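Shown next, in structure tokens, is the structure this report addresses.
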Amino acid sequence: MAIVVSGCTSGSSDPEPTPTATTARAITFESLKLDWPTAQGRLVVPEVPAAPAGFDAETLDRMAAVLKKWARLSTVDDGMWHSGDPLSDVRAVLPKDTASTYEEQLRGVVSPHLAVANVFGDDVTVVGTPMVTAAWHVSTEKDQANESFVRLELQTRAAYEVRIGNGPSRVIGVLRVHSLSAYKDTTDDFGIGGGWQEFGASDCALALDDALVPDSDRADSLDDLQTFIRIGRGSTVQMPELLAHDRLDPDYVERCRNGQA
């Protein structure tokens, strides 16, 4: 059982570098009036929801424990922000069979590093401490054989103030869903999946460089971030619906290479 690992873009696809401080005004946590909890290496999440009727509470607790470790790595571990192999660290916190399933899912994805964690471009500096909110969602679903299983999701909504060189500060937001699923008799061979979506980053940098780089268009970034902030202030797991041409796929990569995105 698995959700396809997905990556999505939003906002401008302008791949140009961020303008210098003399030509553009900054976007900061203060200018956005963000007052979310800060999270440097430590992720604080709400209380785990109760297990659905008939599902073992201890199994759900094990799933939640794995999701919290995974989400901490993908979101607030500064060692991951410029990692050349984020998957190896995430594999270490997943059950063995689940880790193998996850690695198989990632084969052939457009941005394999970003599929795993919030990874930034080599010349991008994260300024200060990120601000993060989180939300859980638990559901009972049925597979193709009409057998019930439980899916537990943990979404992180992480805002990073970043800078390229001596350029102005920008804010990049990332919604990331971490998901595990299990049948009644599952022990630790959980199904795995998830998805991510960025706000305020250059879309073609995601596709071509597999990294988060701030968008050079300040107006587009501000507009983009309003959706992210609205979701981050809520208490439910949400991922905005995107049109097909905004999804990171081989066609999008080709459009970026040809300057058509």
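Quick note: the coordinates plus some simple rules give every number you see, no bench work behind them. What you are looking at is a predicted structure, and each value in this text was computed from that prediction instead of being measured. Don't worry about glycine lacking a Cβ; one is built from the backbone with ideal geometry, like all the others, and counts go over all protein chains shown.
By a straight-distance test (C-alpha under 26 Å), which lysines pair with Lys142 as possible cross-link partners, with residues fewer than eight away in the same chain excluded? Excluding near neighbours in sequence, the set is Lys68, Lys96, Lys184. Highest mean first, the peptides 99-112, 162-175 sorted by other C-beta atoms within 10 Å per residue fall in the order 162-175, 99-112. Calculated FRET efficiency, Ala26 to Thr236, Cβ-Cβ distance, R0 = 41 Å: about 0.85 to the nearest 0.05.
Taking packing as the residue-averaged number of other Cβ atoms within 10 angstrom, the listed peptides 209-219, 33-43 run from highest to lowest as 209-219, 33-43. Could you calculate the contour length gain from Leu106 to Glu141, that is, 0.36 nm times the residue separation minus the distance between their Cα atoms, to one decimal place in nm? Fully extending the segment from Leu106 to Glu141 adds 10.2 nm. Averaging 1/r over every pair of different alpha carbons in the stretch 6-257 and inverting the result gives a Kirkwood radius of 18.6 Å. Straight-line cross-link partners of Lys69 among the aspartates and glutamates, defined as a Cα under 12 Å from its Cα and at least 8 positions apart when in the same chain: Asp77, Asp89. Relative contact order, whole percent, for the stretch 6-257 stands at 30, derived from Cα pairs under 8 Å and 6 or more residues apart.
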